[in-house]
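Structure, as structure tokens:
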Amino acid sequence: MAAVNGQVSFWYAADGVPEAGPGLPGDRDVDVCVVGGGYTGLWTAYYLKKAAPLLRIAVLEQRFCGYGASGRNGGWLYNGFAGRGAFARRYGRQRAAAMQRMMDEAVGEVVDVAAAEGIEADIVRGGVLEVARSKPQLARLREHVEGERAYGEGRVELLSAQETAERVNVAGAIGGCWTRHGARIQPARLARGLARTVRELGVEVYEGTAVTAILPGSGHRGPRAVTPYGTVTADQVLRATEGFTAGLRGEKRTWLPMNSAMVATEPLPAEFWAEAGWQGREVLGDFAHAYMYAQRTADDRIALGGRGVPYRFGSRTDSDGGTQVETVRQLRRILDRFFPAAAHARIDHAWAGVLGVPRDWCATVELDRVSGLGWAGGYVGSGVTTTNLAGRTLRDLVLGRDTELTGLPWVGHTVRRWEPEPLRWLGVHAMYAAYHAADRQEAAGRATTSPIARVADLVSGR
């Protein structure tokens, strides 16, 4: 099925899976402790150290920086974020629009910082292309484009079938949309580059150091991050653990660890690309309910992802990215439908990772000055760019700045906890069974969006 399954992800295949660096040598006192060495933690440490070079900052990572979603994702550096519609309803369109503008700009911010810091992450600003392959998908695509125009004219282009094919020749595509606010990246190289950069700035990075509990400050003692090797006490402890949050004491129901899986083909020949196009290296998605996402890699493979087994009972997470054989088959079928000319291409790698899903599907940033605890996450799979905005927002909160960033609607947004088991497992699996059933109905010729999907959206709280 796949030449390699797991080994964290394909993104480490060329450079090798890193060995964990030095771990925490014992108890430490610092100004800011960041728990999690993925994008959120690294961006936060980067911007804090740039703004306040004298701050003593420690990053604690259970394996190595980029082990989680930051080193396994689809490489979509784009302007989408989890919760825009909910923020607009709860806090007003103007505040949601301010966050959307910040997200549009954050794509360029990541590109600019990577260039300035010498981080080579195979970045190509080809934008985001999303396609429709059925009438219900096309209706949702047009609704999406209309909704985007409410946040600014010219942000998204509606494409005909021919215009879509001129960008990427997806079999059966009857329409598409494209936005310039997106880029392709090599995720692991961005994570590695950020880790190198923050170390060079003087941030203490301790790998192979799993945090078992984060404790609030009390009395004269500050908040703490507890590990088997010592306790880090700080003025602020910031949780940046995304899909692995459920492994912390007391956090089992905070964010649900949702699984997403990917495959990467062998490098495809020039004749395939002559037919498929994809010269702009756009990141590619669709408007199915159980949607796919893909990119053309720097070495001319297709890396394609989607939901496999969406959730493991008890909020368990995977071991080093291994995924199920049936999931690989599902992704293979999507690849073959989208690109029949690649039907005989070998699958070189399959892997999986977890993303953090809040109960209301809205990302959040918070810093509680009473307890000294802060966090950011719940990106629901849209974290590559959002982590950058989160890192800059946490910087301003830690430094006590009253800025446009700290006034965004996700700051202090409250979310209720997920239901206990087995309700959590039953609900998530039923939801995705419904989405897959809706997709099958629509692929079979249904003219409008399946009511099954509408019910699933309502029940899930999306």
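The values are calculated or read from the model by the stated rules, or taken from the named source; none is laboratory data. It should be emphasised that the depicted structure is a prediction, and the values quoted were computed from it without experimental measurement. We place every Cβ from the backbone using ideal geometry, glycine too, and count neighbours over all the protein chains shown. When the accessible area is computed, the model is the full protein with side chains, heavy atoms only, and any ligands, DNA or RNA have been set aside. Shrake-Rupley method; radii C 1.70, N 1.55, O 1.52, S 1.80 Å.
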Which of the residues belonging to region 280-319 are open to solvent by less than 30 Å² (accessible area, probe 1.4 Å) and modelled with pLDDT under 95?
288, 289, 290, 306, 307, 308, 310, 311, 314, 315, 318
Could you list, in sequence order, the residues of region 132-184 that are modelled with pLDDT of 95 or more and of a type in the set (Phe, Trp, Tyr)?
178
Go through region 354-370 and count every residue that is within 20 Å of residue 69 (Cα to Cα) and open to solvent by 10 Å² or more (accessible area, probe 1.4 Å).
3
Quick one: would you say residue 46 is open to solvent by less than 20 Å² (accessible area, probe 1.4 Å), of a type in the set (Phe, Trp, Tyr) and over 14 Å from residue 209 (Cβ atoms)?
yes
Starting from residues that are in a strand (DSSP E or B) and not polar (S, T, N, Q), keep the ones in region 232-257 and report whichever is surrounded by the most Cβ atoms within 10 Å (Cβ to Cβ).
238
Within region 239-279, residues small (Gly, Ala, Ser) and either closer than 30 Å to residue 215 by Cα or within 22 Å of the chain's Cα centre (by Cα) (or both) come out as 240, 243, 246, 247, 250, 260, 261, 264
For region 14-42, which residues satisfy the criterion of being open to solvent by less than 60 Å² (accessible area, probe 1.4 Å) and either modelled with pLDDT under 95 or assigned to a loop (DSSP other than H, G, I, E, B) (or both)?
16, 18, 20, 21, 23, 24, 26, 30, 31, 36, 37, 38
Residue 406: passes all of (1) farther than 26 Å from residue 114 by Cα; (2) over 21 Å from the mean Cα position of the chain (by Cα) but (1)
Residue that is farthest from residue 457 (Cα to Cα), among those in region 80-112 that are open to solvent by 10 Å² or more (accessible area, probe 1.4 Å), part of a helix (DSSP H, G or I) and hydrophobic (A, V, I, L, M, F, W, C)
111
Which of (1) closer than 30 Å to residue 408 by Cβ; (2) surrounded by fewer than 22 Cβ atoms within 10 Å (Cβ to Cβ) does residue 322 not meet, given it meets every other one?
(1)
Is it the case that region 372-381 has a residue that's more than 16 Å from the chain's Cα centre (by Cα), open to solvent by 10 Å² or more (accessible area, probe 1.4 Å) and farther than 26 Å from residue 256 by Cβ?
no
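The rows are residues; the columns are (1) surrounded by fewer than 20 Cβ atoms within 10 Å (Cβ to Cβ); (2) assigned to a strand (DSSP E or B); (3) touching a residue at least 40 places away in the same chain (Cβ under 8 Å).
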residue	(1), (2), (3)
137	no, no, yes
142	yes, no, no
146	yes, no, no
153	yes, no, no
158	yes, yes, no
162	yes, no, no
166	yes, no, yes
172	yes, no, yes
176	no, yes, yes
